[in-house]
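Student: Following this message is one structure expressed as structure tokens.
Just so it is clear, none of the values below were taken in a lab; they were calculated from the coordinates. The structure presented is a predicted model; accordingly, all values stated were derived computationally and were not measured. Note that each Cβ is placed from the backbone with ideal geometry, even for glycine, and that neighbours are counted across all protein chains shown.
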Amino acid sequence: MKDKTPVSEARPNTTKVVVASTVMLAFISFWRAAAIVLNDLGSTVYYVGGIAEQAIGRSAPWFILAVMLFSFAVRSIYMESSSMFVRGGVYVVVRDAMGPFIARLSVSALMFDYVLTGPISSVSAGQYLGRLANETSELLHLQFRLSPNYFAVFFGIGVTLYFWWYNIKGLHESSTKALRIMQVTTVMVVMFLVWCGITLAIRGPAQMPPAPTPANLQFSDEGLGWFKGTLWPTIPVVAIIIAFGHSLLSMSGFETLAQVYREISYPKLKNLYRTGNIVCAYAVISTGVITLLAAMIIPDSVRLQYAENLLGGLTNYLVGPELIRLAFHMFVVIVGVMILSGAVNTSIIGANGVMNRVAEDGVLDPWFQKPHRRFGTTYRII
């Protein structure tokens, strides 16, 4: 009688592969990663110059430029920390180093930043667009007017829902929108650099920002905060630190670099290095240099009138026909609406990355990590 080979022995030797992931695998290029970070970081060029000048005086552009150069050092820290094979996200890393209370505090602070960034940016974009609509209506001698504040609320809700849906679809979809926004923004930045250069060559600077020395710092009451009425601001080193701190707003959004690192395509470290260099170089040119050019071209007596939209004010003082400057002004405002809206996308991506790491660390219930049936994303966290 012929022996029968057991079924278990007849099966060929196979290797079982288990993908330890709660979502479908999808990676993005370093260009897309840089665009996501710059959608938030790059938007500060519109307002950081005015805010910093209100707080510390006319030396603000130099401090903003210094912060942008300082971002290269921060980039190096992100690269070093991201290259370490340390299990878990921010919660586990901080918990193991400093305890559970500080870990919860760290996650809460990071989430607080992301939660505030989205609404503030979208509402600011809505106000830009609402005011542009009123300005256009006035130029055309129309009676149409709308309330920028009310319009900004509905616009912000719409933008948030729009990017929420694209993040449900996946990072590749939302990063495409970020990349398109930065392509248009780059056109605006190049036009500013060329046009400002021509203006300075023809007219010369209206003034030069004073050197960033303690003697030239003029702190407002809000700028001093708790230091008001104390001796601390009179100490040169402390005064420089305070001024530098007020300028750190220009680096807002840089922390998203650590969240998108996992999504960068192979080779990760090399592409992370490229992403960091692109982000830092772009920030130096767009935020640092253009803010300095605005301080040189816009007269000191009127510059603070454009504190909320420094680039919009800069278009009024460039050389050239008024009609062309008006068209460029409208283009600048529209780009501002786009990049501020893109900051909502950045905040959603950053918050989603943090919450996914927290869920993987076992802090959140596994229910939150259930993937979307169609797109494979953690839609319950988004």
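Student: Neighbouring Cβ atoms within 10 Å as the yardstick, rank Thr378, Thr185, Thr275, Thr346 fewest first. Kindly include the intermediate steps, with their values, before the conclusion.
Tutor: Details: Thr378 20, Thr185 23, Thr275 28, Thr346 31.
Taking fewest neighbouring Cβ atoms as first place, the list is Thr378, Thr185, Thr275, Thr346.
Student: Please find, in a Gaussian network model of the chain (springs between Cα atoms separated by less than 10 Å), the residue of Val279, Val194, Val74 whose mean-square fluctuation is greatest.
Tutor: Answer for the Gaussian network model of the chain: Val194.
Student: Could you tell me which residue out of Ala283, Asn345, Ser83 lies farthest along the dipole of the chain toward its positive end? Charges go on the beta carbon: Lys and Arg +1, Asp and Glu -1, centred on the Cα centre.
Tutor: Highest projection toward the positive end goes to Ser83.
Student: How many lysine pairs in the chain, separated by 8 or more positions in sequence or lying on different chains, have Cα atoms less than 28 Å apart?
Tutor: The result is 11.
Student: Also, I was wondering about something else. Identify, among Leu142, Met98, Leu200, the residue whose Cα sits farthest towards the positive end of the charge dipole of the chain, taking +1 on the Cβ of Lys and Arg and -1 on the Cβ of Asp and Glu, with the dipole about the Cα centre.
Tutor: Met98
Student: Shifting gears a bit: Rounding to the nearest 20 debye, state how big the charge dipole of the chain is about its Cα centre with +1 on each Lys and Arg Cβ and -1 on each Asp and Glu Cβ.
Tutor: Details: 28 positive and 20 negative charges, 274 e Å.
Result for the chain is approximately 1320 debye, rounded to the nearest 20.
Student: For the chain, what is the mean residue ellipticity at 222 nm derived from helices alone (per DSSP H run of n ≥ 4: -39500 (n - 2.57); sum divided by total residues; nearest 500 deg cm²/dmol)? Write out the running numbers ahead of the final one.
Tutor: Values: 16 runs with 246 residues, N = 382.
Per the formula, -21000 deg cm²/dmol.
Student: In vacuo Debye scattering of the range 91-196, one point per C-alpha: log10 I(q)/I(0) at q = 0.11, 0.18, 0.19 Å⁻¹?
Tutor: Cα-only, vacuum Debye calculation for the range 91-196: -0.60, -1.06, -1.09.
Student: Something else about it: Take each uninterrupted DSSP H stretch in the chain, measure its Cα extent along the helix axis, and return the ones at 30 Å or beyond whose mean Kyte-Doolittle hydropathy is at least -0.5.
Tutor: On the way: long enough: 60-82 (32 Å, 1.20); 100-139 (59 Å, 0.48); 148-169 (31 Å, 0.66); 171-203 (46 Å, 1.08); 322-360 (57 Å, 1.24).
Span-like helices in the chain: 60-82, 100-139, 148-169, 171-203, 322-360.
Student: Taking amide hydrogens as modeled 1.01 Å from N in the peptide plane, which residues meet the under 5 Å criterion relative to Ile28, leaving out close sequence neighbours?
Tutor: Residues meeting the amide H criterion: Ile264, Ser265.
Student: List Ser301, Ser83, Ser175 from most exposed to least, where exposure is judged by having the fewest other Cβ atoms within 10 Å.
Tutor: Working: Ser301 9, Ser83 13, Ser175 26.
Ordered by Cβ neighbours within 10 Å, fewest first: Ser301, Ser83, Ser175.
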